[in-house]
1. Please report the projected area of the stretch 51-203's Cα convex hull averaged over all directions, in nm².
2. Taking springs between alpha-carbon atoms closer than 10 angstrom, which of 102, 151, 236 fluctuates most in the Gaussian network model of the chain?
3. Taking the chain as a Gaussian network, where each spring joins two C-alpha atoms under 10 Å apart, which residue of 76, 162, 207 fluctuates the most?
4. Calculate the spin-label point distance for residue 294 paired with residue 85, positioning each point 7 Å from the Cα along the beta-carbon direction, and give it in nanometres.
5. Relative contact order for the chain: what percent, with Cα pairs under 8 Å and sequence separation of 6 or more?
6. When we measure straight from the Cα of residue 272, which aspartates and glutamates land under 16 angstrom away, once same-chain ones fewer than 8 places off are left out?
7. What is the Cα centroid distance between the stretch 166-199 and the stretch 10-36, reported in whole angstrom?
8. Taking all pairs of distinct Cα atoms, average 1/r, flip it, and tell me the Kirkwood hydrodynamic radius of the chain in Å to one decimal place.
Amino acid sequence: MVLNCLEVEVAGLKFRNPVLLAAGILGMTAESLIRVAEAGAGGLVTKSIGLKPRKGYPNPTVVQVSCGLINAMGLPNPGIKTFSEEIREVKRRVKVPLIVSVYGYSAEEFAETAELAVKAGADAVELNVSCPHVEGTGGEIGQNPELLKEVVSKVKRRISKPIFVKLSPNVTDIAQLAETAVKAGADAITAINTVRAMKIDIKTGRPILANRIGGLSGPAIKPIAVRCIYEIYERVRVPIFGCGGILNWRDAIELILAGASAVQIGTAIAVKDLEVFRTIPKGIEKYIRRKGFRSVKEIVGLSHRL
Ligand code: RRO
């Protein structure tokens, strides 16, 4: 019998392959999420959803730079009550695990939103404590160990599904924050969110994004993601979802060798389309077989053991 060497079980969820959709892209409607699943993704993470609808920032919200994209979307989302219908629709139509990314302005808001997401059918929640440019939430919570602990432990008391905590690279010691999250009950860490960045139009002299500062994603941040994952892997014993700058299967392998049990893809979809959900798993599988391994699990964190 030929075993599927790509299948992984992470934080109690079974994924047919370790290449998931990252939060923030194609994650706001059931139709786009289903398209991603049908394109081959091993799992789906939604756009970050809050308790109430939020418009987001005015345009321009995204700008391309030579090494990636800078976005300041500003958490646009329909709110969990409306989004619950999208969750139900995805669960009715596709089998892959659905992880709902949630945010809040307080521990109570995180917990209420997570609870409603699970009630609608989420297989897990990913707590966004790392948005780099929205006041009162995101990075402001994830950078503060006391607030981080309060948020994670409150959500843990409220839901029985796995909790992933998505961390920011815009901190001095990401591994320390990962440890705080795990002690408070995180079942997995997702690393990393975008890196605070800016672009200025030299003709007008003005910042291009309406919010001025945004988050950089894409190839420029991959070495930062590798370093963060490597440090987190040394510090905590829960699985890591690696995210940041993956464009091809080689990048995915690098994050897995650093310690990621599975990876999430965002910006590559804008650059290369949904084909990445076929080409990246295929490339990972060929690498594993060529190297004589039986399963992707055998190479998770391998660079720490060599
Ligand atoms: O919506 C956004 O502007 C956004 C979010 Br929530 C996030 O977590 N990371 C990011 O780069 N943008």
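Rule-based calculations on the coordinates, nothing more; no lab input. On a predicted model such as this, the values are computed, not experimentally measured, just so you know. Cβ sites come from the backbone with ideal geometry, for glycine too, and all protein chains shown count toward neighbours.
1. Average projection, Cα convex hull of the stretch 51-203: 10.1 nm².
2. Comparing 102, 151, 236 in a Gaussian network model of the chain, the most mobile one is 236.
3. Checking each option, the largest mean-square fluctuation is seen for 207.
4. 4.9
5. Details: 738 pairs, mean separation 57.3, N = 306.
Contact order relative to length: 19 percent.
6. Cross-link targets: 251.
7. The two parts, judged by their Cα centres, are 20 Å apart.
8. 19.0
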